[in-house]
Amino acid sequence: MLGVQPSYAAIFTVTNVNPSGPGSLLDQVAAANSNAGPDEIHFDIAGVGPHSVQLPQTLDITEALLIDGLSQPGASGPNNLVTIDVNGHTGFNLEASNVEISGLKFIDEIGSNKMIQMVWTNEGYSYRDISINNNFFEGGFATFVSFQSGSLQNIEFVDNVIGTKHLDDSKSLKVELGSLNGFPPASIDSLLIARNVIQINSGDYLTGLTLNLNGEGNPPTARHIIIEENVFNCELGGTVNPSISVSAGGETAKSGKISEVLIVRNILNSMHLGGSHYGISLIANSGNGGNGIIEDVEIGYNEFLNTNSGIAVTTSGGNLNAAKINNVKITGNLLNDVGGAGILIRGENDGLAKEMQHYLIDNNVVSGGQLDKIMLFLENAAGGTGGGASEYQDFRIVRNVLSYGHFVGVSVINRNGAFRVLAPSIHGVLISENSITNNLQGGISIGDNRDCDLPVPIIKAVLDEVDSYTVTGVLRDGVPNTDYKLEFFIDSQLYEFGFGEGERFVGSTTISLDSAGRGGFRYELNEDLRSSYVSLNATNLTTMNTGCMSKAEHFVEFEIPTVSEPEEPIFNVFPNPTTNGIVSFTYPPSNLLGISLYAMDGRIADKKHINGQQIDLSENKAGVYVLKITTSIGSFIRKIVFIP
């Protein structure tokens, strides 16, 4: 049990399964409540067991008390021999500090009642050191906490088994805090939910664990929340709600603040039949003056199996308020065979700014799915005021493995075209060193309608340097006089539309753009690029925004032809070969009528006519080209070799 163990004053023993009378559980709880100081209730019921106690009414616990089901002779570990049948009532109602309930089995055939509850409205009580451990729950709510005023400290729900069945629109374990105008808000400081097994067998709209804060006036608060090493199973149903739901704020001027949340090492095996089920959901709601805030959260090292979608972080609300979810770390999670999005960060805006700042999404493994593996989805709802994307900043999406999806690995989307990624509303979406493979539409997508609003590098050539390969190219249309980081990736195959996906990160370099927003690059790779493809992306080192992947290229061998001049040169091209793409030419005295540049396959290539006797073909790939000029006395042709 959490906190300081009390010195128990007396032991009261249950000796029969009668609903009331001497030796009954009802009788012993009443005796303990009447006895000042901490007490214990033990069990010594005759017979092998298990023993079922039907409650005639709710049992209020008003004094410090340990109810020890494992004290029954023969009970040990998971073999709980004392069953509490709540019989259509709430089981225990806790109204005291230093309460521990351990080693019991609770059942509710009706399936809609609370096994253990803590419910207060406006009394403003303060309770601490409450432990619910090593129990088995079947049907109804395992534990229900609804607190409108006052404070709770050091609450734990550990090592329990919840076998929920036959429920609709219910939660297995629910903690709900609110507030009332004119009274102090409710608060929790230190809540531990650990090593439980939560099994949901049937029904829709089920949630394994719910933590919800919303209240009027001063918002309720919760901090120091640890949810770790639990197992969630949902074999049938569960078509909408998540296994773990943490939410703050609500509609109609409801507010709440949750901070310092740790959700780690849980197993979420949903095996759902459909719907929009998420394994873990964080929601900050706000409506009509309310304000939901969640901050300082780590979601780490959880394992998701067969969930429709993995992790969802959402801000939403109305026209007069702001919702915030800041300082979030999503790290080391395994999301296997995820049906929808693996990790979804969504800002639904139809009002003032929704803050979503300082996110680290790193070292996660996401596979399968009908949507993008990691989505930053910024939405301006129809009819909204449109001011709401001003606070999205500092997202680092690094070193993740994203594979086998129907769309792309990482996407940053602005719905309805209301905002663009390059607008001042977005600061710092860094996408770096991820391994993205076997997604049908490639690696990275930025912008509305999956176009790319950020500059994309162009590979000009992949050159064989005997012991290595050199990739050359250009980044253009960037921010003038700004440094960009270029990251290079290797792909084993070419994906849809020819863009790189980013299967394996192999290195990076930094370039500085000139006053025209343009800069060339030359990077050496110790990789075999004969049978694989190289691509890269660019990150603005001032805004820390990362763009889309470039077109993927590989090494293509070609022989450099001998360029011979006629005995009496009348059309000369120099330098030839050229390394920068700029060549000059001379021709017999005549009028120049036209200039054409062709690739060796007959395609018309790009060129810039610099002046009367000079052209720039640097926008093209390395290779052999044919230059044709037409003059008043005839046409002349020369081959040009371009090797950047």
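The values are calculated or read from the model by the stated rules, or taken from the named source; none is laboratory data. Bear in mind that the values here come from a model prediction, so they are computed numbers and not experimental data. Because the Cβ atoms are built from the backbone with ideal geometry, glycine has one as well, and the counts that use them run over all protein chains shown. Ligands, DNA and RNA are excluded from the accessible area calculation, which covers all protein heavy atoms including side chains. Shrake-Rupley method; radii C 1.70, N 1.55, O 1.52, S 1.80 Å.
Can you give the accessible area of Glu63, probe radius 1.4 Å, in Å² rounded to 10?
60 Å²
If packing is taken as the average number of other Cβ atoms within 10 Å across a peptide's residues, how do 190-199, 333-342 rank, most packed first?
In descending order of packing, they fall as 333-342, 190-199.
Pairs to check: Lys329/Lys373; Lys174/Lys329; Lys254/Lys373. Give those whose C-alpha atoms are more than 22 Å from each other in this structure.
Long pairs (Cα-Cα over 22 Å): Lys174/Lys329; Lys254/Lys373.
What whole-number value in Å² describes the accessible area per residue of the range 11-135 for a 1.4 Å probe?
Spelled out: the 1.4 Å probe surface of the range 11-135, per residue, equals 38 Å².
Which FRET efficiency value, to the nearest 0.05, do you get for His224 and Leu541 by plugging their Cβ-Cβ distance into 1/(1 + (r/R0)^6) with R0 = 51 Å?
E between His224 and Leu541, to the nearest 0.05, is 0.85.
Need one number: nm distance between label points at Ser531 and Asn438, each 7 Å from Cα along Cα→Cβ, rounded to one decimal.
1.9 nm
What is the local net charge at Glu303, summed over the other residues whose Cβ is closer than 14 Å to its Cβ (Lys, Arg +1; Asp, Glu -1)?
-2
Mind giving me the nanometre distance, one decimal, between the label points for Ile643 and Ile11, set 7 Å out from Cα along Cα→Cβ?
Going from the Ile643 label point to the Ile11 one covers 9.3 nm.
Quick one: ranking Tyr469, Tyr404, Tyr523 by accessible area, 1.4 Å probe, largest first, what do you get?
Largest accessible area first, the list is Tyr404, Tyr523, Tyr469.
Within 15 Å, Cβ to Cβ, of Ser20, how many net charges do the neighbouring residues add up to if Lys/Arg are +1 and Asp/Glu are -1?
Here the charged neighbours net out to -3.
What accessible area, in Å² to the nearest ten, does a 1.4 Å probe give for Arg223?
100 Å²
Using modelled backbone amide H atoms (1.01 Å from N, in-plane), which distant-in-sequence or interchain residues come within less than 5 Å of Ile188's amide H?
Leu152, Thr221, Ala222, Arg223
Provide the solvent-accessible area of Phe43, counting protein heavy atoms only and rolling a 1.4 Å probe, rounded to the nearest 10 Å².
10 Å²
Fully extended, how many nm does the chain gain between Phe574 and Asn18 (0.36 nm per residue separation, minus their Cα-Cα distance)?
189.5 nm
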